[in-house]
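The values are calculated or read from the model by the stated rules, or taken from the named source; none is laboratory data. Just so we're clear, the structure is a prediction, and the values are computed from it rather than from any experiment. Quick reminder, even Gly has a Cβ in these numbers, built from the backbone with ideal geometry, and neighbours come from all protein chains shown.
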Amino acid sequence: MGETTFTTSHGLTVKRWNPALAVEAENKQYFKKFIGTGEDAMIKALTDLSKGNKGDRITVGLSMKLKGDGIWGDNSIEGTSAEEALELFDCSVFITQRRKGVKSKGKLSDKRVLFDFRSRGVSALSTWFAEDADQLLFAYLSGSRGSDTTFHIPTAFTGIDGNNITDIDSNHVIYVGDASAITDLTEQDKMHINIIEKCNAKAETLDPMIQPFMINGEKKFVLLMHTWQKYDLRTSISDNDWLRIHRDTDGKDSPIYKNALGEYGGVIMHDHRNVIRLSSATTPAMASGMTGARALFLGAQAGIICFGGATDTTRYDLNEETEDRGNKTVLTGSNMMGMQRAIYDYNDDGTDETIGLFAVDTYAADPNA
């Protein structure tokens, strides 16, 4: 009796190229330099669901500072307000699966070109997954999907599998110029170097205070702005001042300085095209026709990302198979992860509030339009 056997080299045999996809995707991810497992990482990486651990949610605890008065001398402390209960709050992050695939036309079509479909497919998928993770992180950190139509996720996206994109509370949003609300923004309210002093003042007086990154014993924050906001910032100051600001990042070995625009007042400035853009179409409170961008002033543990893969190199799976009797090659990449802005109900009023960052909303428009 005949037996059908699938050898390792058979066209229908499923192959997994986990390390290749994982390495490429993570190297291409913009937020990679901000993700870490340490207490002062901007994006706290949690791997509790890795290494075969079951579950689809990680709960992160927050312990607030003690607030009340103490007792002097030998006065009795028992039964007084100096004995204070610990305030403990939590933020839950769910993981889910994300998949993307590419398919060849067929063996004849593949033969017409010089490149190898499989290697090109892995490269294309790694780029997509890297950009996808970045776009999702921008949306979750900003509390808004925004109006940029180049994102993979649609403009109506509000989150997935328990991780809702929630707007940033008003206590964690500031505005440039004279604006005090999104409705006040005008074309004069552009990104300017003076906003950094305003940001520093807010960061140090918020309660809970935004915790800085510690780099060589010095406290640092990050201001991450849109490319159009960078244009407004650079054109608002002299060339010599900009050179001095940029020079302050030279020779710094921390990953946070990689590709930085410059540093001013202990704030390391970065820009990226996927910083959330705002418009009257997606942000109804804005005046008709108005456009803006939501820069992020970031400290330690501003966001949380969870992984469900078995190891660091198997956070991504790549499945290869064939269709049409082996004529078409199909590559499908997937990962298990979830993300969220660090939000807690630390006022115990039923409303989650942000910790670790605040938004900086400004007018912003394409300078080439």
Condition first: within 12 Å of Val267 (Cβ to Cβ) and β-branched (Val, Ile, Thr). Now tell me which residues in segment 222-236 satisfy that. Val222
Give me the helices (runs of 4 or more DSSP H) completely within segment 189-255, filtered to those with at least 3 residues that are closer than 13 Å to Val176 by Cα and not assigned by TED's automatic domain parsing to the domain that holds Ala41, ordered by residue number. 195-205, 227-234
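May I ask you to list the residues in segment 359-369 that are farther than 15 Å from Phe138 by Cβ and either in contact (Cβ under 8 Å) with a residue 60 or more places away in the chain or among the hydrophobic types (A, V, I, L, M, F, W, C) (or both)?
If we filter segment 359-369 for residues that are farther than 15 Å from Phe138 by Cβ, which is where we start, we get 362-363, 365-369.
Passing the criteria: Thr362, Tyr363, Ala365, Asp366, Pro367, Ala369.
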Right, Asn194: free of Cβ contacts under 8 Å to residues at least 24 places away in the same chain and loosely packed, with under 14 Cβ neighbours inside 10 Å or not? yes
Can you pull out the residues in segment 1-41 that are modelled with pLDDT under 50, surrounded by fewer than 13 Cβ atoms within 10 Å (Cβ to Cβ) and polar (S, T, N, Q)? Thr4, Thr5, Thr7, Thr8, Ser9, Thr13
From the list Asp148, Asp169, Asp161, pick out the single residue that is crowded, with 19+ Cβ neighbours inside 10 Å and in contact (Cβ under 8 Å) with a residue 60 or more places away in the chain. Asp148
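Applying the selection to segment 203-215, what residues are among the polar types (S, T, N, Q) and touching a residue at least 60 places away in the same chain (Cβ under 8 Å)?
Gln211
Residues checked against (1) in contact (Cβ under 8 Å) with a residue 60 or more places away in the chain; (2) touching a strand residue (DSSP E or B) at 6+ places or on another chain (Cβ under 6 Å); (3) among the aliphatic types (A, V, I, L, M):
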{"residue": "Ser144", "(1), (2), (3)": "yes, no, no"}
{"residue": "Tyr175", "(1), (2), (3)": "yes, yes, no"}
{"residue": "Lys190", "(1), (2), (3)": "yes, yes, no"}
{"residue": "Ala201", "(1), (2), (3)": "no, no, yes"}
{"residue": "Gly217", "(1), (2), (3)": "no, no, no"}
{"residue": "Phe221", "(1), (2), (3)": "yes, yes, no"}
{"residue": "Asn240", "(1), (2), (3)": "no, no, no"}
What pairs come up if the first residue lies in segment 22-43 and is under 16 Å from Tyr140 (Cα atoms), the second is of a type in the set (Phe, Trp, Tyr) and at pLDDT 90 or above, and their beta carbons are under 7 Å apart, counting only those six or more places apart or on different chains? Met42/Phe34; Ile43/Phe31; Ile43/Phe34
